[in-house]
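The values are calculated or read from the model by the stated rules, or taken from the named source; none is laboratory data. Computed from a predicted structure; not experimentally measured. Here the Cβ positions follow ideal geometry from the backbone for every residue, glycine too, while neighbour counts run over all protein chains shown.
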Amino acid sequence: MEEQGVLVRLAHGIYLVPKKDELLGTVYPSSEEIAKEIAKRDKARIAPTGAMAMYLLGLSNQIPLHAVYLTDGAQREIKIRKSIIKFKKTAPRNLAVKDELLQLIIQAYKITREKNISEDFEEKLTVYIKKIDEKVLMSQLKYAPVWIQKRIKNRYLS
């Protein structure tokens, strides 16, 4: 099927049905879409970390070359064209937050670290924090580090 052009091989064991565009040719999915599909196939949970979380929240305009995800599945690295998707094994408590937006906010705080947080950074995050439903926030925030819990609660209640 690959030789006939029905499927495109992205990496070992990872194929996709190519989408064709008249101007662009073959359109490939984003690293995030590929990672989600791999996680679904492997029945694993994932959460973007570091630069990926900052990019997805719009706090950074740099597209990370290496997308790094925490996972409760197998730890591995998948090379797709020029980019790399890394799955890092983590403790289940780091994946306990089920709300994707809250998970991104927590990861953004973690990568920035408590001593490096600026007022501008927190103002940008406040917009996202206010979008989270109060019941979801209060039930899932307990899985975040205490210093992050305090900052998010202060921003949510302000």
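Some notes on this structure:
- Members of the stretch 77-95 found to be closer than 14 Å to I63 by Cβ and hydroxyl-bearing (S, T, Y), listed by number: S83
- Members of the stretch 90-121 that are of a type in the set (K, R) and either modelled with pLDDT of 95 or more or in a helix (DSSP H, G or I) (or both): R93, K110, K115
- Residue match in the stretch 26-49 (condition: of a type in the set (G, A, S), within 17 Å of the chain's Cα centre (by Cα), in a strand (DSSP E or B) and surrounded by 11 or more Cβ atoms within 10 Å (Cβ to Cβ)): yes
- Qualifying position, being over 30 Å from R9 (Cβ atoms) and either in contact with a Pro (Cβ under 9 Å, 6 or more places away or on another chain) or at pLDDT 90 or above (or both), among Y55, Y69, Y128: Y128
- Residue check: K131 meets all listed conditions (1) farther than 20 Å from L56 by Cα; (2) surrounded by fewer than 16 Cβ atoms within 10 Å (Cβ to Cβ) but one, namely (1).
- Options I85, I105, I80, I63: the member that is in the same structural domain as N154 (by TED's automatic domain parsing), touching a helix residue (DSSP H, G or I) at 6+ places or on another chain (Cβ under 7 Å) and not charged (D, E, K, R): I105
- The residues of the stretch 57-84 that are in a strand (DSSP E or B) and touching a Lys or Arg at 6+ places or on another chain (Cβ under 9 Å), listed by number, are H66, A67, V68, Y69, L70, T71, R76, E77, I78.
- Output for the stretch 37-52, where each listed residue is in contact with a Ser or Thr (Cβ under 9 Å, 6 or more places away or on another chain), within 17 Å of T112 (Cα to Cα) and without any contact (Cβ under 8 Å) to a residue 60 or more places away in the chain: M52
- Extreme residue, farthest from L56 (Cα to Cα), among residues of the stretch 106-124 that are basic (K, R) and surrounded by 10 or more Cβ atoms within 10 Å (Cβ to Cβ): K110
Residue-wise test of (1) under 30 Å from H12 (Cα atoms); (2) of a type in the set (K, R); (3) over 20 Å from the mean Cα position of the chain (by Cα).
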position: I85; (1), (2), (3): yes, no, no
position: R113; (1), (2), (3): no, yes, no
position: N116; (1), (2), (3): no, no, yes
position: S139; (1), (2), (3): no, no, yes
position: K150; (1), (2), (3): no, yes, yes
position: R155; (1), (2), (3): no, yes, yes
